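Participant: Sharing a structure with you now.
The values are calculated or read from the model by the stated rules, or taken from the named source; none is laboratory data. None of these values were measured; they are calculated from a predicted model. As a convention, Cβ positions derive from the backbone with ideal geometry for all residues, glycine included, and neighbour counts pool all protein chains shown. For the accessible areas, the whole protein counts, side chains as well, though only heavy atoms, and no ligand, DNA or RNA atoms are used. Shrake-Rupley method; radii C 1.70, N 1.55, O 1.52, S 1.80 Å.
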Amino acid sequence: MSQANGNSRGFWASRMGFVLAASGSAVGLGNVWKFPYIVGENGGGAFVLVYLVCIFVIGLPIMLAEFTLGRKTQLSPVGAFRTLAPKGPWVGVGYMGVLCGFLILSFYGVVGGWTLAYIVKSLTQAINFASPKEAGAFFGSFISNTGEVTFYHALFMALCVGIVYKGVHGGIEKACDVLMPTLVIFLLLLMGRALTLPGAMEGVRFYLLPDFGKITPNVVLIAMGQAFFSLSLGMGAMLTYGSYLPEKENLTSSTVYVVLFDTFIALMMGMVVFPAVFAMGLEPMEGPGLVFSVLPAVFSSMPLGGLVSVIFFVLLAIAALTSGISLLEVVVSWFIDQWGWNRSKAVLFSGGIIFAFGVPSGLSFGLLADAKLMGMTFFDHVDNIASNYLLPLGGMLTAIFVGWVWGPKAAQAEIEKHETEFHWAAVWAFLIRYVSPAAVACVFLAKFI
Ligand code: PHE
């Protein structure tokens, strides 16, 4: 993004621009909304531990693989696989990425809409609660209101469409520069508040002390899916970002920065949510509504809580948008490359159908709450298929492609362009050829057998 004019901005500025843009894709609702609620649903500390193993053993090497594929081919996923392996089935991994972008954005847009609604509600002072129960009830009645939920869902999608329509250069990247540091300061502030609530320590214990009895194959599958989701891996989003990179960029250190930053934000978010949940006598198993019920209760207990609430949801909405556009961009670039559409037609069309497909996800907490298949709502199914199966599968195939088809030597040559030395090449090659694919395969096998 800023890389295009990297020479005028100097090496450091340009690397920061890229790291911030890629972090903009990685840091989003996955860290702030999803991570806490699935930690809560899957038993706390033990889940966090499995998640961290997945991040560093599976996610990190695959992120480097995606950046490298993108920079080498300067293309989006479908084109990248087609270029490097013109014959054979590998282009299918690119198609799977497009499908994944479609599915994830369909429900991501719904939750993005919730954040917009909570900005408005904080501004009109509706977010001021006497008790945590009240905050939960307020959220419950909001998400069952079909008209309101669909309106804000449409608004979020319209914002994504507007940004991708104009191109992602400029505004959003500058926004990321300010957003990320501000988000960290805010989370520190909230963490301070949450940890000083009476009874908070029980939440810290739930969050940090692993109870290994709670680890089942399904828990590991969900942790792995979350690692892919949070790092934006397995569907070509990071590949696409890598395609904007100039050759002098240091891919390995950029990868490490993005992974550490994303993980740091998620871990901090847990330190805000669980102390507050336990201090306020709420349930950690609450599900997708967890953060939206707990945080407003925390804000209400703070001086200037209304203002804090507005700023927090603005930050969260921007974080969600910078992730949403990376999802939309993968779908849009496929329409452009594959069908020869112009950008505006591709953006409007994909935005429209993704929104339409997302509507039943939005209604999954109201009108369609009882329409369950195997105990799960439409929202749950789309999330589960995309995050827990398609992303890890896409990531595994990407690892196999780079490790065995394109080859770690070719990848290393790309990484080392312009004299960046890759000291960990052998370790990375081992991880990408054996460890990451085998780990994903084992988790799938354990889940099905
Ligand atoms: N990583 C984003 C988040 O944590 C979601 C995302 C997933 C974005 C996959 C792009 C691709 O919110």
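Participant: Kindly list the number of the only condition in (1) open to solvent by 10 Å² or more (accessible area, probe 1.4 Å); (2) assigned to a helix (DSSP H, G or I); (3) of a type in the set (Phe, Trp, Tyr) that fails for residue 129.
Facilitator: (2)
Participant: Just checking, which of 249, 283 is at pLDDT below 95, open to solvent by 30 Å² or more (accessible area, probe 1.4 Å) and either more than 16 Å from the ligand (Cβ to nearest atom) or outside any helix (DSSP H, G or I) (or both)?
Facilitator: 283
Participant: Could you run through the stretch 281-340 and say how many residues are over 25 Å from residue 198 (Cα atoms) and of a type in the set (S, T, N, Q)?
Facilitator: 5
Participant: Any chance you could count how many residues in the stretch 46-79 are part of a helix (DSSP H, G or I) and either within 16 Å of the ligand (Cβ to nearest atom) or among the β-branched types (Val, Ile, Thr) (or both)?
Facilitator: Adding up the residues that qualify gives 22.
Participant: Considering each of 206, 228, 274, 186 in turn, give the residue that is within 20 Å of residue 393 (Cα to Cα) and of a type in the set (Phe, Trp, Tyr).
Facilitator: Exactly one of 206, 228, 274, 186 is within 20 Å of residue 393 (Cα to Cα) and of a type in the set (Phe, Trp, Tyr), namely 228.
Participant: Next up: What's the number of the condition residue 66 fails, among (1) under 17 Å from the mean Cα position of the chain (by Cα); (2) open to solvent by 10 Å² or more (accessible area, probe 1.4 Å)?
Facilitator: (2)
Participant: Quick test for you: out of 277, 258, 330, 314, pick the one residue that is closer than 22 Å to residue 176 by Cα, modelled with pLDDT of 90 or more and more than 16 Å from the ligand (Cβ to nearest atom).
Facilitator: 314
Participant: Any residue at all in the stretch 199-206 that's assigned to a loop (DSSP other than H, G, I, E, B), open to solvent by less than 40 Å² (accessible area, probe 1.4 Å) and more than 15 Å from the ligand (Cβ to nearest atom)?
Facilitator: No: the stretch 199-206 contains no residue that is assigned to a loop (DSSP other than H, G, I, E, B), open to solvent by less than 40 Å² (accessible area, probe 1.4 Å) and more than 15 Å from the ligand (Cβ to nearest atom).
Participant: Please work out if residue 290 is within 13 Å of the ligand (Cβ to nearest atom) and either among the polar types (S, T, N, Q) or in contact (Cβ under 8 Å) with a residue 40 or more places away in the chain (or both).
Facilitator: no
Participant: From 251, 245, which residue is closer than 19 Å to residue 432 by Cα and in contact (Cβ under 8 Å) with a residue 24 or more places away in the chain?
Facilitator: 251
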